């Protein structure tokens, strides 16, 4: 059907027909002339046919509502809307709203912009809640549209609506911020934004008057507006404002610190959010808990995150408020599946990569609650197609529950034993590995990864419950979603270590071929996990296994990884060799296959690396190589640049670099008189004197000066090795007689 000139009655009929009907939505958006006319109705500069009695405002409202409905449809429908610049039409429309325009028109346009922005962000990703399939036919167009919405000059057009007197306008704008901000650049663009008048004042300040760029008073203009909205009496407005603050505070330390600042009314955004965690509205509790969680994690030290001057997250009183709220939501029979799902994910956000928070959540019963939830919604007496008719809400809830299980159990063996021995959760995880929903498979893989960090589970529960074979099937599946493959590959890394009975099984079933495929691919995360699995395979493996695996990879190709542009890949490649060269037989194999010059040149590059991990493993590899025969030791000693780099390792601030470097020198000093002379020629003798003689310097423990550790060695083991090596260099002839 082609509609040449939309009118209000027709649009009302169209709206009723397409609501909840993806097929109708897609068919309608393929009518290009109609969609073009529809977008023209929204934009204020559009001309209207005077033959129609309907007022332009009525027509604009209906057009906005139809486009909003279409934007919620299939991605192909959204793609067609973007082709006709629907998002730009809405931005233009809201920027030209007049005081005389009706509240209904303002609300329709603001809602339309919110729906479009949210749908565009959903296509671009990442997903707000959990994992979704990455394949998208509209991602290219959506990415361009999302960048458009967060350009500074475009923010000037729609962000000021946060101050509109009508909550029917401010609420959709807050919802737009909450749902469309998925990445740090967009987050920072909103945080830094100022109204044009305020920007003009800032530009007139003299250089010395301008403050250092921060998130501004109470987090900046947008944060202040959203904080004010949090104090509304309307629950939906509170929910929207809290969600928007959470989006801005995610991994944003300066803003999150600023949100603790008291406003003119004596309250901070953080304190308001904390009080709303106890709201009567479930939706407000969820939004407030998310908001507080983002603030806590952005303002406290995490195990792998940046260091700040704030106390650990587990010491935050906010955590003691959030955990009980989330636990109640997760176990309450009165809470919807969607709310439970969000509560599980917020729990995951709270504890991720924080050992102490994981322990606290375990002690407060969070693990048992999410485990019970996963078991309640997963039928174990099932047919092969048990998940075909499962509602999407149930699948998402299972994904959320299993994700929380994986996050809580990532660090501690006692927690993992609780899962394997007492909670009876392994059958649920096994069933979820073959679920049709991509997020459920991803979460199940993460659970296996966490459990496989426990050696006892590796040898019993994982094998007995067929979790290993389930992970292997996913890992070998080339058409699997990339995110699921990544989670499976992380689990495979643990399943390929020397304690795993599955290592031999997987090698016999051809896992190396798949690892090579991923290693040669263009996905950095999958490349890293592939070489990590190879590293674990090489540790304490037999000579035959090492020779076979490396033969399949190809020594020449592997040698290129030793100087890979990625420091992470370079580190793991060096670590692979470090694990291989644990005997003279294997040292000979590596020298013969790679070649002495190429091998030692790669080690020299590693010892001169600015990356501390590469440097550390480079020193450890050279230390192992120095245990080879005299012929290979001579090759090391003949490499002047390598010896110079080795000498520099002796004054590195990291004892994990100095220790293997010193072990290498000690082994070389014992070789023969020629080796002792080569070490003296490299000026290593004088460094050893300074490390062992208190009269020649001072100890700068801990850490030394900058990158270097100058003066007397403060580590007892390193100092003793240095003294022994110095003894060999000074009296080697007598000691060898």
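Bear in mind these aren't lab numbers, they're just calculated from the coordinates by the rules spelled out. This is a predicted model, so every value here is computed, not measured. Positions of Cβ are generated from backbone atoms using ideal geometry, with glycine treated the same way; all protein chains shown enter the neighbour counts.
Quick look at the numbers
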{"item": "If the convex hull is drawn through the Cα atoms of region 149-202, its volume per residue in Å³", "result": "74 Å³"}
{"item": "Which labelled figure in [x] 45.0; [y] 39.2; [z] 56.0 is mean projected area of the Cα convex hull in nm², once derived from the coordinates", "result": "[y]"}
{"item": "For region 462-486 and region 628-684, distance of Cα centres in Å", "result": "45 Å"}
{"item": "Evaluated over region 554-736, the Cα radius of gyration and Dmax, each in Å", "result": "15.8, 52"}
{"item": "Nearest-ten-degree value, helix 86-95 long axis tilted from longest Cα axis of the chain", "result": "70 degrees"}
{"item": "Kirkwood hydrodynamic radius over Cα pairs of region 612-692, then Stokes diffusion coefficient at 4 °C and 1.567 mPa s, in µm²/s", "result": "105 µm²/s"}
{"item": "Angle between the chain longest axis and helix 524-538 axis [Cα atoms, degrees, rounded to 10]", "result": "30 degrees"}
{"item": "Where only C-alpha atoms are counted, convex hull volume of region 432-542 per residue in Å³", "result": "88 Å³"}
{"item": "Degrees, to the nearest 10: 612-625 long Cα axis against longest axis of the chain", "result": "30 degrees"}
{"item": "Length gained when the stretch residue 539-residue 364 is fully extended (0.36 nm per residue, less Cα-Cα span)", "result": "59.2 nm"}
{"item": "Using alpha carbons only: equivalent-ellipsoid semi-axes of region 488-559, gyration tensor based, whole Å", "result": "17, 15, 10"}
{"item": "Structure-based [θ]222 nm, the chain - -39500 (n - 2.57) summed over DSSP H runs of at least 4, per residue, nearest 500", "result": "-20500 deg cm²/dmol"}
{"item": "Mean-position separation - Cα centroids, region 9-32 and region 109-134, in angstrom", "result": "20 Å"}
{"item": "Protection proxy ranking, peptides 347-354, 534-541, 96-103, average beta carbon neighbours within 10 Å, highest first", "result": "347-354, 534-541, 96-103"}
{"item": "Ranked list, fewest to most other Cβ atoms within 10 Å of each Cβ, for 277, 664", "result": "277, 664"}
{"item": "For the chain: relative contact order, % (alpha-carbon pairs under 8 angstrom, 6 or more apart)", "result": "5 percent"}
{"item": "C-alpha center-to-center spacing [region 538-557, region 572-591] in angstrom", "result": "9 Å"}
{"item": "Burial order of peptide ranges 614-624, 355-365, 222-232 (average beta-carbon count within 10 Å, highest first)", "result": "614-624, 222-232, 355-365"}
{"item": "Sorted peptide list for 404-412, 451-459, criterion being average Cβ within 10 angstrom, highest first", "result": "404-412, 451-459"}
